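The values are calculated or read from the model by the stated rules, or taken from the named source; none is laboratory data. Predicted, not measured: the structure shown is a model, and the values here were computed from it. No Cβ is skipped: glycine too gets one built from the backbone with ideal geometry, and neighbour counts run over all protein chains shown. Just so you know, the surface numbers come from the protein's heavy atoms only, side chains and all, with ligands and any DNA or RNA stripped out. Shrake-Rupley method; radii C 1.70, N 1.55, O 1.52, S 1.80 Å.
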Amino acid sequence: MSTPFDLAIVGGGIHGATVALFCARAGMRTVLFERGSLCREASGVNAGTLTMQMTRVALIPYALQAHAMWASAREWLGHDAGVVVCDGLSLAFTQREVELLSFRAGKRREAGAPIDLVTATAARAVEPGLGEGVLLAAHCKVDGYANAYLTGQAYHAALIEAGVDLREETPVSGVEREEGGFAVQTAAGPVRAKRLVLAGGVWLEEMMAWLGITLPIKVLVNQLAVTERVAPVMRTVVGIASGLLSLKQYPHGTVVIGGGWQGRGDRQRGGVELVPESLIGNMRLACHAIPALRHARLARAWAGLEAETADALPAAGPIPGIPDAYICGSVHSGYTSGPYIARLLAQRILGQEPADPLFPIDRLLASPAASPTPSAAAGRATDEQPQHV
Amino acid sequence: MMQADLIVIGAGPAGAAAALAASEAGLLVVLLDEDASPGGQVYRAPPAGLSVAPDTRGADERAGDALREAVAASAVVWKGGARVWSISGAFRVDAVTAAGSESFTAPRLVAATGAHERLVPFPGWTTPGVIGLAAATILLKSQGMVPGRRTVVAGCGPLLAAVAAKIVAGGGAVAAIIDLSGPGDWLKALPAMASRPDLLRQGLGWALKLGAACVPVLFRHTVTAVSGGEACEAVTVAPVDAEGRPTGGRSRVFAADALAIGHGLVPGSEIPKLLRAEHRFEPEAGGWAPVRDAFGRCSVAGLYTVGDGAAVAGAEPARLSGRLAGLAAAQDAGRLPAHVSAREAGEARAALDKALVFAGAINRLMRARPAMVEEIAKDTVICRCEDVRRGEIEAAISAGAREINQLKHFTRCGMGPCQGRMCGETAATLLARHVGSREAAGYWTGRPPLRPVPLADLLGEFDYGDIPVPNPAPL
Ligand SMILES: Cc1cc2nc3c(=O)[nH]c(=O)nc-3n(C[C@H](O)[C@H](O)[C@H](O)COP(=O)(O)OP(=O)(O)OC[C@H]3O[C@@H](n4cnc5c(N)ncnc54)[C@H](O)[C@@H]3O)c2cc1C
Ligand SMILES: Cc1cc2nc3c(=O)[nH]c(=O)nc-3n(C[C@H](O)[C@H](O)[C@H](O)COP(=O)(O)OP(=O)(O)OC[C@H]3O[C@@H](n4cnc5c(N)ncnc54)[C@H](O)[C@@H]3O)c2cc1C
């Protein structure tokens, strides 16, 4: 029998790939299993927005660190993911949105995001493409986007250079605990490793079940639309107070319209179906914000699956009761924050003290012994800081 | 939203026949096409106001008029000028029409959207003045226009002669016909072609017309370059072997301001792909084709696919396969007694089997020649929407792209408005060389919109208050 790997990771999205990268660079013999191609689920089909204005308040400190990582991806990742750092605006068109925006921008500002409330005139100076009817805007200088479709290619090269045994097109069918580690089941037989990270995005629920643990993971089916390449119509990232718009134009001219409007699909079939009304609603919102977009043609639309825990905070940390097993995922706006949170988990796996606290899942497990006050666990949702590990 | 028993998308010979058969059996049928009138590619009607001189009206024009009269006289609900952009559920169809976006729904759907053109790139293929061979038929039919003053007609299959003859009839000059096939290939096809004396006669008519006009024909030749920069000025051609690979023989240059070129047809099965129906790589059908039974039923319940969108075979097989699907839809809906449907279907089936003999011979002439793709130069553009060159595709494959959607992510190839209709065949053939087969390379995942649509047309006029903005995301 061959010597076991130091670390096996199941799931090659942004989380799994980043953990693999940092652990391998620190000298661990690392194997990464991906059912399909690297970063082709949520981590390759997302809107690529790196914005504080859609990030959950509790994650702002993480997102700021992660933003800095994205902005310097060429240095630490070594490859280009098309990152553009620019201003971001969140708009209010109605009185209700003015209130929502003021409250939300305030909370995010308290959490450390450099967000200022500005008048419509000031917003238009930042983004000349804005339409009429803006009552108030939140302006954040730390904003921007990456080209999500380049993530797989960039990480692919980085992982190979770091010596990771990258196994694409290799679905894992289960994991067994055994003396000194884990046996990861693949069609080509079991692969042994001393440590295990489950990083399966919306499929974490199934993966946890391999270990006999029930962890409900909600599946969001986010729709995106993209126009053909057009002459410049905007230069910033634009959203609205409710967080239901994310809009920017890439240097090559396409405009990506997102904001989490829901399509149909599930874990088994993927994001198979777009809902025309919600696609149209999302595009109307986009054209209301940036009217010049009306002249573009819709070229493509799709849906991808995003994972959410019961309290909408991440699942990132050791798996309770199973030594040397870890989980990493369900991070809201996880493309933005993912690299940082996954790097924290890598620090933990490497025996270091993570620079910021992780998000252990004890709070989410329905074990009768562990959680006498489930309401307390659910109540930690929004602004409360997670505990140290 | 209009509710029907059956929605048919595409009003070429296939879709029209399906709609008529189902409607005669009593189904409420909606027939949609982005064109203003029924007819499809082969029987495309000239636009209103353009009259076609009576002496240029041939069999196709008469068949097209008959098809349009049949649809008009039937109970089929005809929706022309309706560009279908979205299909969801089982089945909701959204189309951009003069009225904005209109929706239709039915428990059954026939996809009859026809074929696309295959075009293997060469230096200069994106020069203005270079158009597809099949596209040239549209120009000639629907606009009564010749592609240029002096046109080279190149590629393979019977469209070569059809286009060249129409150019001559339309008053244009044909500099040369450049045929990938050799005289021997055509001779081999003759016995099967004799099964359709009408079409054989039509073909001979074209040949005579071209002979009378002294148009040179170069067999076993291909276009290797177009020069001219801003506009086509000259077309260079060279001899090739049976697989389309240059033999190194002497090349020749023809002065021309237009080139009509096409290397066969590929089934346009975007709808079955969008609805995640099972597909199979069928070279004899033109490429990836939806898996279907003898009546066009796909692996998705209630979905039928017929005509060149299911398997490239030409107008008559398209009509017959459409009729079979229309009958099947009526029977599946419980509206056509089994014995009636069996009799009618039996007749259509027998006629289809006969027609497929001819189609098989034509398809061999129009078959893909992967060797031509191998020959593409490193700096030749493959994806013209996104300017992706062969060298970038090879680099992405070296970087680890193993499947066509991953290749798309690595290069943007296929991400533009045509959604890979133009570059898909070439990109997949290049990838297949490295991963072993077209099956391993896979096909682009189906995505809406089925056709690029201007946002202004799709969204119409609206007030901010009308937008159904969902509840705010968690803070
Ligand atoms: C459409 C959309 C738009 C979004 N927009 C943004 C945005 O603009 N900004 C932002 O910050 N976030 C955005 N997000 C969220 C973000 O994309 C996700 O939070 C993040 O990518 C999740 O990464 P992950 O690694 O946890 O999951 P994933 O990327 O889904 O990776 C999980 C991987 O596990 C693999 N896997 C599953 N089962 C198995 C198995 N049995 N064996 C082997 N491998 C397996 C899967 O194939 C998959 O590749 C968006 C999400 C979507 C879907
Ligand atoms: C460009 C082109 C030109 C051709 N010209 C000729 C010719 O001149 N002579 C000949 O013998 N053969 C020609 N062919 C081959 C010919 O298409 C077939 O033999 C025959 O027309 C097939 O019939 P069909 O009904 O399957 O499809 P088609 O006749 O192609 O009909 C498909 C119809 O679907 C419609 N459609 C497609 N997508 C949508 C959508 N999203 N929304 C609404 N409508 C849609 C199209 O407008 C079209 O009318 C041509 C093929 C192509 C691709």
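Annotations for the structure displayed:
- Residues located in segment A:329-344, provided they are more than 17 Å from A:Val57 (Cβ to Cβ) and either within 14 Å of chain B (Cβ to nearest Cβ) or in contact with a strand residue (DSSP E or B) (Cβ under 9 Å, 6 or more places away or on another chain) (or both): A:Gly329, A:Tyr335, A:Gly338, A:Ala342, A:Leu344
- Within the option set B:Ile376, B:Ile397, B:Ile382, being open to solvent by less than 20 Å² (accessible area, probe 1.4 Å), touching a His at 6+ places or on another chain (Cβ under 9 Å) and of a type in the set (A, V, I, L, M) holds for one residue only, B:Ile397.
- Hits in segment B:415-429 (condition: more than 13 Å from chain A (Cβ to nearest Cβ) and touching an Asp or Glu at 6+ places or on another chain (Cβ under 7 Å)): none
- Restricting the first member to segment A:3-23 and to residues that are within 14 Å of another protein chain (Cβ to nearest Cβ) and among the aliphatic types (A, V, I, L, M), and the second to residues that are assigned to a strand (DSSP E or B) and within 11 Å of ligand 1 (Cβ to nearest atom), the beta-carbon pairs closer than 9 Å and six or more apart or on different chains are A:Ala17/A:Ile9; A:Ala17/A:Leu32.
- Taking first residues from segment A:326-350 that are within 20 Å of A:Glu306 (Cα to Cα) and part of a strand (DSSP E or B) and partners that are basic (Lys, Arg) and more than 11 Å from ligand 1 (Cβ to nearest atom), no Cβ contact under 6 Å between residues at least 6 apart in sequence or on separate chains turns up.
- All positions within segment A:166-184 that are assigned to a strand (DSSP E or B) and open to solvent by less than 40 Å² (accessible area, probe 1.4 Å): A:Leu166, A:Val172, A:Gly174, A:Val175, A:Gly181, A:Phe182, A:Ala183, A:Val184
- Pick from segment A:299-315, criterion of a type outside the set (A, V, I, L, M, F, W, C) and within 12 Å of chain B (Cβ to nearest Cβ), ranking: farthest from A:Ser43 (Cα to Cα): A:Asp311
Conditions (1) more than 15 Å from ligand 2 (Cβ to nearest atom); (2) open to solvent by less than 40 Å² (accessible area, probe 1.4 Å); (3) out of contact with any Cys (no Cβ under 8 Å at 6 or more places or on another chain); (4) not aromatic (Phe, Trp, Tyr), marked per residue:
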{"position": "B:Gln3", "(1), (2), (3), (4)": "yes, no, yes, yes"}
{"position": "B:Leu6", "(1), (2), (3), (4)": "yes, yes, yes, yes"}
{"position": "B:Ile9", "(1), (2), (3), (4)": "no, yes, yes, yes"}
{"position": "B:Ala14", "(1), (2), (3), (4)": "no, yes, yes, yes"}
{"position": "B:Val30", "(1), (2), (3), (4)": "no, yes, yes, yes"}
{"position": "B:Arg62", "(1), (2), (3), (4)": "no, no, yes, yes"}
{"position": "B:Ala75", "(1), (2), (3), (4)": "yes, no, yes, yes"}
{"position": "B:Ala95", "(1), (2), (3), (4)": "no, yes, yes, yes"}
{"position": "B:Gly100", "(1), (2), (3), (4)": "yes, yes, yes, yes"}
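- Leading residue by the ranking (least open to solvent (accessible area, probe 1.4 Å)) among those in segment B:459-473 that are within 7 Å of another protein chain (Cβ to nearest Cβ) and part of a loop (DSSP other than H, G, I, E, B): B:Ile467
- Residue within segment A:238-247 that is within 15 Å of ligand 1 (Cβ to nearest atom), closer than 20 Å to A:Gly44 by Cβ, open to solvent by less than 10 Å² (accessible area, probe 1.4 Å) and hydroxyl-bearing (Ser, Thr, Tyr) present: yes
- Matching residues, segment B:6-64, being modelled with pLDDT of 90 or more, hydroxyl-bearing (Ser, Thr, Tyr) and over 23 Å from B:Glu344 (Cα atoms): B:Ser37, B:Tyr43
- For segment B:223-238, the count of residues that are within 16 Å of the chain's Cα centre (by Cα) and outside any loop (DSSP other than H, G, I, E, B) is zero.
- Across segment B:306-323, a minimum of one residue is classified as over 19 Å from the mean Cα position of the chain (by Cα) and more than 16 Å from ligand 1 (Cβ to nearest atom).
- Filter result for A:Gly265 (farther than 22 Å from A:Ala146 by Cα, more than 7 Å from chain B (Cβ to nearest Cβ), among the small types (Gly, Ala, Ser) and in contact (Cβ under 8 Å) with a residue 24 or more places away in the chain): yes
- Screening A:Glu273 against (1) at pLDDT below 95; (2) out of contact with any Ser or Thr (no Cβ under 6 Å at 6 or more places or on another chain); (3) within 13 Å of chain B (Cβ to nearest Cβ) leaves a single unmet condition, (2).
- Number of positions in segment A:278-292 that are open to solvent by 10 Å² or more (accessible area, probe 1.4 Å) and more than 7 Å from every other protein chain (Cβ to nearest Cβ): 3
- In segment A:40-81, residue nearest to the other protein chains (Cβ to nearest Cβ) [restricted to those that are β-branched (Val, Ile, Thr) and outside any loop (DSSP other than H, G, I, E, B)]: A:Val57
- Qualifying residue in segment B:78-89 (condition: surrounded by fewer than 17 Cβ atoms within 10 Å (Cβ to Cβ), over 19 Å from B:Ala111 (Cα atoms) and more than 10 Å from ligand 2 (Cβ to nearest atom)): no
- Pick from segment A:147-165, criterion over 21 Å from the mean Cα position of the chain (by Cα) and open to solvent by 30 Å² or more (accessible area, probe 1.4 Å), ranking: nearest to the other protein chains (Cβ to nearest Cβ): A:Ile160
- From the list B:Asp257, B:Asp293, the one residue that fits, being under 17 Å from B:Val110 (Cβ atoms) and more than 14 Å from chain A (Cβ to nearest Cβ), is B:Asp293.
- Subset of segment B:301-327 (residues that are assigned to a helix (DSSP H, G or I), open to solvent by 20 Å² or more (accessible area, probe 1.4 Å) and more than 9 Å from ligand 2 (Cβ to nearest atom)): B:Arg323
- Strands (runs of 3 or more DSSP E) wholly inside segment B:82-130 containing at least 2 residues that are within 22 Å of B:Pro454 (Cα to Cα): B:83-88, B:92-97, B:100-105
- Restricting attention to segment A:102-118, the residues that are more than 10 Å from chain B (Cβ to nearest Cβ) and either under 14 Å from A:Ala241 (Cα atoms) or in a helix (DSSP H, G or I) (or both) total 9.
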